1. At 222 nm, what value in deg cm²/dmol follows for the chain if DSSP H runs of at least 4 each add -39500 (n - 2.57) and the sum is divided by all its residues, to the nearest 500?
2. Output the pairs from K177/K220; K131/K332; K37/K338 with a Cα-Cα distance over 29 Å in this structure; if there are none, say none.
3. Students often forget the sequence filter, so: which aspartates and glutamates lie under 17 Å Cα-Cα from K142 once same-chain residues fewer than 8 apart are removed?
4. Could you list the square roots of 5 times each eigenvalue of the Cα gyration tensor of the range 5-131, that is, the equivalent ellipsoid semi-axes, sorted largest first and rounded to whole Å?
5. Going Cα to Cα from K331, which lysines come in below 22 Å? Please leave out same-chain ones fewer than 8 positions away.
6. Which shape class, rounded, prolate or oblate, goes with the range 162-321 when its Cα gyration tensor gives a ≥ b ≥ c as root eigenvalues, a/c under 1.5 marks rounded, and past that a/b bigger than b/c marks prolate?
7. When the chain is modelled as a GNM with alpha-carbon springs shorter than 10 Å, which of R117, R169, R45 fluctuates the most?
8. Under a cut-off of 19 Å between alpha-carbon atoms, report the lysines in cross-link reach of K112, not counting same-chain residues fewer than 8 places apart.
Amino acid sequence: MHPVIEWKNDKVIMIDQRALPLEEKFIEHSHYTEVAKSIKDMVIRGAPAIGVASAMGIALGILNAGENYENEFDNIIETITSTRPTAVNLFWAAERMKKVFAEHKHDSQLLKEKMVREAVTIDREDVEINKRIGANGQALLKSGQRVLTHCNAGALATAGYGTALGVIRAAVAEGKKIEVVADETRPYLQGARLTVWELQQDNIPVKLITDNMAGHLMSKGLIDAVVVGADRIANNGDAANKIGTYSVAILADYHKIPFYVAAPVSTIDFSISSGEEISIEERDKEEVTNFMNQRTARPETEVYNPAFDVTPHRLIKTIITEKKVLYPDFKKEIASLKE
Ligand code: MRU
């Protein structure tokens with residue numbers, strides 16, 4: 001698969017995820033405002049991937065800022081970090097870039113090199129982190145299992161390999177026979193458009209369902225485990241992820257099916273004690289009143305369109321990170337990651 005995001009000749013190239021799976025198009029970004037727009041418009045999405053985009057956008061901003069770069073920096077940070085509120089990786093990557101800026105801001109040439117290097121490092125590290133998440137998490141899956149996933153927490157949502165799909169990829173690489181059941185993930189269809197597409201590329205068996213079918217499949221014994229990604233995890237283990245994840249977690253709990261969250265440590269927001277503090281993005285009403293640009297409700301219809309929900313920690317069996325697999329008590333386990 002072509003990289004989801006790439007730094008090339010002082011430009012940022014992204015695969016346009018809005019066009020998948022029908023078309024593989026790439027968008028070239030020469031200015032940080034273009035990167036910000038692409039994050040906001042979902043050209044790139046998925047918590048770790050927008051972390052990389054955040055870093056590359058900030059590096060691009062400094063590269064093109066001219067002599068006034070010190071004054072421009074706050075603007076660049078504000079523009080990039082005001083794109084999407086929920087995935088903490090966006091802010092985490094900006095913090096890393098801020099540190100490099102503070103260290104080298106007095107030498108403009110060196111600063112440019114260091115900012116680009118940091119952004120490219122964040123990108124490379126992410127692939128390695130995902131492989132470690134995969135290696136840690138695959139042990140939880142057994143050959144012959146059917147694994148439900150929600151949204152896309154795959155290669156397309158990261159710098160490569162994926163978190164939840166990384167766990168599945170690693171299990172398959174171990175020779176285990178896994179069938180993935182992909183929730184379509186209304187309203188934005190990340191499951192149908194992206195998860196199915198990328199698993200098909202790797203020849204991993206996948207069946208697509210609409211979101212309202214999960215309970216039925218579980219009741220018939222057709223789902224053995226659930227693995228999802230996360231956009232922000234609180235200190236107590238509460239995990240924000242794509243809207244609909246919470247419903248899947250409740251269904252899994254009722255049917256006594258293990259519910260796993262796979263995410264890098266950078267998705268843990270150590271500054272918040274519970275999921276209540278997570279800001280949930282509200283998106284355009286047209287995502288609900290339309291389906292694939294086709295109107296399905298009258299345009300004046302009022303809607304709710306929260307893009308994420310929070311799964312309470314007590315519904316989560318383990319949180320799979322690159323450092324280790326965390327078991328309840330998550331509060332203690334998460335605190336131990338800081339040591
Ligand atoms: O709105 P999106 O597509 O950015 O939402 C993505 C998700 O909810 C993913 O599950 C999450 O970011 C984890 S990606 C490894």
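1. For the chain, the value works out to -11500 deg cm²/dmol.
2. Beyond 29 Å: K37/K338.
3. Reachable aspartates and glutamates: E174, E179, D224.
4. 23, 15, 14
5. Partners within reach: K317, K323.
6. Judged from the Cα gyration tensor, the range 162-321 comes out oblate (a/c at least 1.5, b/c at or above a/b).
7. Looking only at R117, R169, R45, the biggest GNM fluctuation is shown by R117.
8. Once the sequence-local lysines are set aside, what remains near K112 is K8, K11, K98, K99.
FYI, it's all coordinate maths here, none of it is from the lab. Quantities reported herein were computed from a predicted structural model and do not represent experimental measurements. Note: ideal-geometry Cβ built from the backbone for every residue, glycine included; neighbour counts use all protein chains shown.
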